[in-house]
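Have a look at the structure below, then the notes.
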Amino acid sequence: MAINEITEPGQDALSRERAIKRLKKRRDFYGHLLVYALVNGVLVAIWAMTALHGFFWPIFPILGWGIGVVLNAWDVYRTDTFSEEQIQREIDHLRRHT
């Protein structure tokens, strides 16, 4: 058995729980993105039918809500684990500054 194959008791359950949590976050993000596109598409259509050459007022919900979508994407797709190199760098940094 290789060293990488050795796991602590409960490690598989913890990995499964983390995987399910990430999958749920990803599914929820896609729902958020779909609603964002549909609602803002309707707002742009309303603008186009009522004041095509007027001020493009849908820009406000598109940008405002878009910030939320970007932050949601960052939360879903960022890595929540650290490499051993990152951990060691932080330990060295803390030792130098204490």
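Just a few scattered comments:
- Annotation note: Cβ proximity below 7 Å between a residue of region 19-42 that is of a type in the set (A, V, I, L, M) and a residue that is at pLDDT 95 or above and assigned to a helix (DSSP H, G or I) (sequence gap 6+ or interchain) occurs for 33/69.
- Filter result (under 23 Å from the mean Cα position of the chain (by Cα), more than 28 Å from residue 81 (Cβ to Cβ) and polar (S, T, N, Q)) within region 12-67: 40
- The residue pairs whose first member lies in region 46-71 and is free of Cβ contacts under 8 Å to residues at least 24 places away in the same chain and surrounded by 12 or more Cβ atoms within 10 Å (Cβ to Cβ), whose second member is not in a loop (DSSP other than H, G, I, E, B) and not hydrophobic (A, V, I, L, M, F, W, C), and whose beta carbons are closer than 6 Å, counting only pairs six or more residues apart or on different chains, are 62/40.
- For region 50-98, the tally of residues that are out of contact with any Phe, Trp or Tyr (no Cβ under 6 Å at 6 or more places or on another chain), within 30 Å of residue 30 (Cβ to Cβ) and not in a helix (DSSP H, G or I) stands at 8.
The values are calculated or read from the model by the stated rules, or taken from the named source; none is laboratory data. Predicted model, so just to flag it, every value in this text is computed and none were measured. As a convention, Cβ positions derive from the backbone with ideal geometry for all residues, glycine included, and neighbour counts pool all protein chains shown.
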